[in-house]
Amino acid sequence: MLLISCPWCGPREESEFSYGGEAHIVRPKDPDALSDLEWADYLFMRNNPSGRYLERWLHAAGCRRWFNAERDTVSYKIKSVYKISDPAPRGDE
Amino acid sequence: MSDQARRESPLAEFLAAPRKADPATGAGVQISERPFLGHINLRGDPSEKRFLEAVEGAIGVALPLEPNTVAEGGEISALWLGPDEWLLLTPPDRQRDVVLTLKAALGDTFAAVNDLSGGQTVVRIQGTHARDVLSKGCPLDLHPRVFGPGQCAQSHISKTMALIRQIDDTPTYDVIVRRSFADYLARWLEEAAQEYGLAVIAESPT
Ligand SMILES: [Zn+2]
């Protein structure tokens, strides 16, 4: 069980949260202008790194806010959490 | 207008047979209900001064801006639900007046006021072992060092979503749940409380 810090509520159990996949995926401004390949890339293709990953979480059973977390997919350690409106934190690599 | 003679609280069936604890061991936990309170969901932008002032003027209490805290003023409590969302609890049958007063005060301010009274209820759990019982199904850290009177938090208790508010150091907790989950929650609490001695009290606490 992960202990996840909500930017508003502080540390809470993983069972209060739901997962939202990779963060910072920007919806294309003009979907009609995209090829099927480009649209599919936006909809379905996600990075799957071994290591640092920026991802979205929803504090579903708590304050019901979306936020972003910086998590290591190997150690599961969450390095930082930040609001959805904040820029991506710089990596150490 | 509600038909008072016929209305039934979500826990009516559960409370129909009050249970006393074994006199030898006493009740470590008491369960009761605070039925028919006014539950009003309020949303608005706390960075807008006009919004905060209109609400305080209308309900006589300043909205709590610190996460997971409760503000009380007169007969209304305001519970923090999110950075732009609160639950207002009013005495029974006052919600209509409060909604109208709020809407008039807010005018065209960017805000939403919704009466949820029919959809929720308050289950009160009280006693020396109340914390132990809740902790069997709720992942919140309820240790007095972390959580005390004046605080509230949304989480889950076993499989129901719940808003938990500590009232006093007995400890007493008010658990706000959707009405369709109230019976489930009460029966779950009843089972979880067996080892501590349980009393189920039909009269609603004041
Ligand atoms: Zn939260």
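The values are calculated or read from the model by the stated rules, or taken from the named source; none is laboratory data. Remember, predicted model here, so these are calculated numbers, not experimental data. Glycine gets a Cβ as well: all are built from the backbone with ideal geometry, and neighbour counts include every protein chain shown. Remember, those area values only see protein heavy atoms, side chains included, never the ligands or the DNA or RNA. Shrake-Rupley method; radii C 1.70, N 1.55, O 1.52, S 1.80 Å.
Some observations on this one:
- Any hit, region A:43-52, residues being more than 12 Å from the chain's Cα centre (by Cα), open to solvent by 70 Å² or more (accessible area, probe 1.4 Å) and within 30 Å of B:ILE176 (Cβ to Cβ): no
- Of all residues making up region B:164-176, the number that are surrounded by fewer than 19 Cβ atoms within 10 Å (Cβ to Cβ) and either not charged (D, E, K, R) or not assigned by TED's automatic domain parsing to the domain that holds B:ILE125 (or both): 3
- Only one entry in B:LEU140, B:LEU102, B:LEU89 is within 18 Å of B:ASP168 (Cβ to Cβ) and not assigned by TED's automatic domain parsing to the domain that holds B:ALA21, namely B:LEU89.
- Within region A:5-26, considering residues that are away from chain B (no Cβ under 11 Å) and open to solvent by less than 60 Å² (accessible area, probe 1.4 Å), the one nearest to A:LYS77 (Cα to Cα): A:SER5
- The listed residues are A:ARG56, A:ARG90, and the only one of them that is open to solvent by 30 Å² or more (accessible area, probe 1.4 Å) and modelled with pLDDT of 95 or more turns out to be A:ARG56.
- Where strands (runs of 3 or more DSSP E) fall entirely within chain A, those with at least 2 residues that are more than 13 Å from the ligand (Cβ to nearest atom) are at A:18-22, A:52-58, A:66-72, A:78-83.
- Every condition in (1) in the same structural domain as B:ALA130 (by TED's automatic domain parsing); (2) within 21 Å of the chain's Cα centre (by Cα) is met by B:PRO83 except one, and the failing one is (1).
- Filter pass, B:GLN126 being more than 16 Å from the ligand (Cβ to nearest atom) and either touching an Asp or Glu at 6+ places or on another chain (Cβ under 6 Å) or within 14 Å of another protein chain (Cβ to nearest Cβ) (or both): no
- Qualifying residue in region B:50-69 (condition: in the same structural domain as B:GLN126 (by TED's automatic domain parsing), part of a strand (DSSP E or B) and touching a residue at least 60 places away in the same chain (Cβ under 8 Å)): no
- Of all the numbered requirements in (1) within 16 Å of the ligand (Cβ to nearest atom); (2) free of Cβ contacts under 8 Å to residues at least 60 places away in the same chain; (3) buried (at least 20 other Cβ atoms within 10 Å of the Cβ), B:LEU81 misses one, and that requirement is (2).
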